[in-house]
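First comes the structure, then the notes that go with it.
What follows is calculated from the coordinates using simple rules that are stated; it is not laboratory data. In this text, all values refer to a predicted model and were calculated from it rather than measured experimentally.
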Amino acid sequence: MEIQYLKTMEANSSFWNRKSRGFSLDKIEELEQKLNNGIPFPKALREYLFLGGEFNSLGFDHEGIGQDGSEWIALKKYYEK
């Protein structure tokens, strides 16, 4: 994937001896199907997931969100109210 918006994140993918791990494009598309009715995520979010969707070294993480996306779905439903 060509990175357009998150060039700084791409350039700093290792921080404090921790290396970010992103999702594959297939995984991102799977999440779009499951969480966004097949509509592609915004480009910046796709870049973030590609660069650090599995683990990011920026000092925050989404541990506990769950690989199956169930917590994301719950959050989405909550904010749609």
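Numbers below:
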{"quantity": "Residue-span extension gain [K27 to I3] - 0.36 nm each, minus C-alpha spacing", "calculated": "6.9 nm"}
{"quantity": "Karplus (6.51, -1.76, 1.60) ³J(HN,Hα), θ = phi - 60°, over the range 33-48, in Hz, Gly and Pro reported as x", "calculated": "4, 6, 9, 9, 6, x, 7, x, 5, x, 3, 5, 5, 4, 5, 4"}
